[in-house]
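The values are calculated or read from the model by the stated rules, or taken from the named source; none is laboratory data. What you see is a predicted model, and the numbers here were worked out from it, not measured in a lab. With ideal geometry, Cβ positions are generated from the backbone for all residues, glycine too; neighbour counts draw on all protein chains shown. Side chains included, ligands, DNA and RNA excluded: accessible areas come from the protein's heavy atoms. Shrake-Rupley method; radii C 1.70, N 1.55, O 1.52, S 1.80 Å.
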Amino acid sequence: MKPPLSAAIRCFAVAAALVLAACENLDPTPRYPEITFTHEAPIRLDVHDIDYVQAYIPPSKLPNVEHLFPVRPAVVARRGAADRVVAAGLQGVARVTLVEAAVIESALETTSGLQGAFIEDQAARYDATVKIRIEIINSLGETEGRVEAVAKWSRTVPEGITLVEREQIWFELTEQVMRELDVELEHTIDRYFSDYIR
């Protein structure tokens, strides 16, 4: 005996709903963790306020590619400055300026011809440079001290890489260059700004 038509329609509707729900949960977009520095001890400066300035304006065209990154170096630099550099004084300002947060793409020479079909060459290189300047401005608006920290890091990618794989490498590149910058910045402040550390 065949089931009533209404029951068959209900079964089909339930099955369709389950398929749609499963599809909604299969989001193919990779999710990257936030790159933060809250696990590091804050650098307490003898100033009343921190002023962050983003002087670097991404060109948004080749050979620069940082604007294509899933996690942009400039955004991580801003977060890192907020996590690490803290005002702990009664007067003055520490001006933190993002001077550069660039990633340059360079094509690499690959093997051509029949031999190239059997060799997986590195096809492109990404060179990241992040530079931060910190100035101590007193209550009269005068610059009392200035330091700069620069970090550079490079990665290459092979031929035939997918967009997802490329973006993962970009994320790792951003994370590495920012970790390097954090170390360099702390060393620079310890060395040249010792009078302003509390």
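Some points to look at:
- Remark on the stretch 42-197: hydrodynamic radius 17.1 angstrom, per the Kirkwood mean of 1/r across alpha carbon pairs.
- Qualifying GluC sites (Glu not before Pro) in the stretch 137-186, DSSP loop, other Cβ atoms within 10 Å at most 10: GLU142
- Of the GluC sites (Glu not before Pro) found in the stretch 27-135, those that fall in a DSSP loop while having at most 11 other beta-carbon atoms within 10 Å are GLU34, GLU109.
- Here the stretch 44-127 has 51 percent of its accessible surface on carbon and sulfur atoms, given a 1.4 Å probe and all protein chains in place.
- Converting phi to 3J(HN,Hα) with the Karplus coefficients 6.51, -1.76 and 1.60 and the offset θ = phi - 60°, the stretch 167-172 yields 5, 5, 5, 4, 4, 4 Hz in sequence order, with x at every glycine or proline.
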